[in-house]
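To keep things clear, I will list the structure first and then write my remarks on it.
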Amino acid sequence: MRVLVDPVACDGYGYCAELFPERVTLDEWGYPIVDGTTVSSEHLALAARAAAECPRRAFLLQLLE
C-alpha cells in the first residue's frame with residue numbers, strides 16, 4: 001500500500017498529519033505532502049486511520065500491484 005492525496009478534494013484540515021506524522025508533513029498553507037512510497041506493515045493501521053478520518057476523503061490508500 002501507499003498513501004496519496006487528492007489535491008482537488010483536500011481542504012487542508014491536517015488530520016492526516018496529526019494521525020500519521022511518520023509519513024505526512026504539511027506545507028506552509030496546511031496542505032499535506034506525501035512522498036508516495038510504500039507504507040510498511042507497522043504503519044498500515046496509522047495510514048488506514050488517517051484515510052478513514054479525512055473529512056474530505058482526500059487522503060487515500062492505494063493497493064500496489
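Computed quantities for the displayed model
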{"quantity": "Every pair of residues 6+ apart whose Cβ atoms lie under 9 Å, when the first sits in the stretch 51-65 and is at positive phi while the second is part of a loop (DSSP other than H, G, I, E, B) and at pLDDT 95 or above", "calculated": "Arg57/Asp6; Arg57/Ala9"}
{"quantity": "Those residues of the stretch 1-45 which are open to solvent by less than 40 Å² (accessible area, probe 1.4 Å) and under 10 Å from Ala58 (Cβ atoms), in sequence order", "calculated": "Val5, Ala9, Cys10, Gly12, Cys16, Pro32"}
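The values are calculated or read from the model by the stated rules, or taken from the named source; none is laboratory data. Everything quoted here is computed from the prediction, not taken from an experiment. Here the Cβ is made from the backbone with ideal geometry for all residues, glycine too, and neighbour counts use every protein chain on show. The accessibility values were calculated without ligands, DNA or RNA, using every heavy atom of the protein model including side chains. Shrake-Rupley method; radii C 1.70, N 1.55, O 1.52, S 1.80 Å.
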